[in-house]
Amino acid sequence: MASTLSFASMAMLGILVVIVILFVVVMVRAIRVASGRGTAKREAGGETAMLSMALQDALTKLKQQERAMAARAEASEQLADQIVEGLTSGLIVVDRTGTVQAVNPAAQRILGIGGLRSGKPFRETLNPATALSDLIAEALKVGSPIVRRTIKLAGVKTRHLGVTVSPIAATDGGLQAAVCLFTDITAVVELEEQLRLKEALARLGELTAGLAHEFRNGLATIHGYGRLLDPATLPEQARTCVNGIREETTALGEVVTNFLRFARPEEMTMAPVELRSVLTSAMKDVPGASDAVTLEGNFATINGDEVLLRRAFNNLFRNSLEACEEIGMPPRVSVRSNITNDDTQLVFEDNGPGFAPDYLAKIFQPFATTKANGTGLGLAIVQKVIVSHNGLITAANRSEGGAQFRVRLPIAPAS
C-alpha cells in the first residue's frame with residue numbers, strides 16, 4: 001500500500017511540473033506576441049489557443065491517470081485485507097516500537113484470546129501466550145528471521161504452535177516491523193507422540209516379555225513347593241515362614257502377570273463397540289462403582305476390543321474409588337461424553353485428592369504409584385489399551401479438586 005501511495009504522489013508532482021512548464025511557455029509566447037506586429041499577434045493568439053487546448057488535454061489525461069491509480073490502490077488495499085482475513089494461519093504484525101499493527105481472526109481463534117486488537121503493546125496483548133511474545137521480541141531484537149520454531153502454550157488445553165517470524169527492513173536500513181505467522185500443530189504433535197509411544201511399548205514388550213515369563217515360571221515353582229508344605233505339621237516359626245512365602249509369591253505372581261499384560265503385544269479382536277455398554281459393564285466389575293459413577297451425554301460407537309476397553313475403564317474406576325477411600329471421602333465419579341465429527345472424548349472426574357505435581361508428570365510410567373500396595377501398572381495398562389485403539393489419554397487435576405482423565409478415541413466409520 002505504501003508503494004502505491006508513493007507512486008501517486010510522484011504522479012501529482014509530475015502534473016505540477018508539466019503545468020508550470022506549459023504556463024511558462026504560454027507566458028513567453030504572450031510576451032513575444034505583445035511586442036510584435038499585428039499579424040504576429042493573430043498568429044500568437046492562435047498558438048496560445050492551441051497551447052491552452054493542449055494544456056487542458058494534458059490535465060484531463062493526468063486526472064484520469066490519477067483516478068485510475070487511486071482505484072488500483074484501493075483495490076490492492078481491499079485485496080490485501082481480504083487475504084489477511086482469509087488466512088487459516090494466525091498473523092500478527094508488530095512494528096519496531098512493539099505496537100501491534102495488524103492481527104487476523106485466525107490468530108484470535110488459535111490463541112483463544114478475545115478482543116485481540118491492534119494499537120497496543122504486543123507483550124500486553126499476548127500476555128497469555130508468553131512463548132509467542134518471546135519469539136516476536138527475539139526477532140525484533142536480533143533482526144533475523146525465526147523459521148519453523150515449535151512452541152508450547154499451556155492453558156486449559158495444551159497447544160503446540162509452529163511459528164515463523166520475519167523481520168521487515170525499513171528504507172533507512174533499520175527494522176520497520178516483524179511479521180509473525182503461526183499454525184496450530186497440536187494434532188500433529190499428539191499423533192507423533194502417539195506413534196513414539198506405540199514404538200516404545202513394542203520395544204519394551206520384545207525386551208521384557210521373555211524375561212518376565214521365565215520369572216513367573218520360577219515364582220510358580222516356589223509357590224508350588226510352598227503349597228506342598230502343610231503348615232499344621234510344622235513348628236510355629238516354620239509355619240510363619242511358609243505362610244510368608246505363599247503370600248509373597250502370590251503377590252509377585254500378580255505383579256508379573258500385570259507386567260506381562262502391559263509389556264507383550266495384545267491380540268485385539270476389533271468390532272463395533274458401544275461405549276455406554278462397555279462403561280456400564282466395567283462399573284459392575286468394581287465394588288461400589290455402580291452407586292458412585294454417573295454417565296452423562298451421548299456415547300458413541302467405536303471400532304475396538306470390548307474386553308480390553310472394559311479392562312481399561314475398570315482400572316480408571318478402581319483408581320478413582322480407591323483414591324477417595326484413602327481420604328475418607330464418599331466417592332463421586334462422573335463420565336461425560338462429547339462426540340465430534342472424527343472422534344469421541346470421555347472425561348472421567350472424581351472428588352478425590354487429585355495428583356501431586358511430581359507424580360502427575362510420570363503418571364503413566366510403569367511402576368509409578370503412590371499407593372502402599374500398588375504395583376504402578378494399572379494406569380500404564382490403561383494408556384497402552386487406549387493407544388492401541390489409536391486414541392490418547394491425558395491426566396490432570398481439577399481446579400475444584402479431584403482428578404481428571406481425558407480419553408479420546410476415533411469413531412467407527414459409517415458403513
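Things worth noting here:
- Residue in segment 295-305 that is of a type outside the set (A, V, I, L, M, F, W, C), buried (at least 21 other Cβ atoms within 10 Å of the Cβ) and assigned to a strand (DSSP E or B) present: yes
- Against the list (1) out of contact with any Cys (no Cβ under 7 Å at 6 or more places or on another chain); (2) outside any helix (DSSP H, G or I); (3) modelled with pLDDT of 90 or more, the condition residue 331 fails is (1).
- Total residues in segment 98-119 satisfying the condition of being surrounded by fewer than 14 Cβ atoms within 10 Å (Cβ to Cβ) and farther than 21 Å from residue 151 by Cα: the figure is 3.
- Members of segment 98-146 found to be within 28 Å of residue 398 (Cα to Cα), more than 19 Å from the chain's Cα centre (by Cα) and either touching a residue at least 12 places away in the same chain (Cβ under 8 Å) or part of a strand (DSSP E or B) (or both), listed by number: 125
- Picking from residues in segment 369-415 that are under 19 Å from residue 259 (Cβ atoms) and of a type in the set (Lys, Arg), the one that is modelled with the lowest pLDDT is 371.
- Filter pass, residue 149 being surrounded by 18 or more Cβ atoms within 10 Å (Cβ to Cβ) and under 29 Å from residue 394 (Cβ atoms): no
The values are calculated or read from the model by the stated rules, or taken from the named source; none is laboratory data. Quick caveat: nothing in here was measured; it's all calculated off a predicted structure. We place every Cβ from the backbone using ideal geometry, glycine too, and count neighbours over all the protein chains shown.
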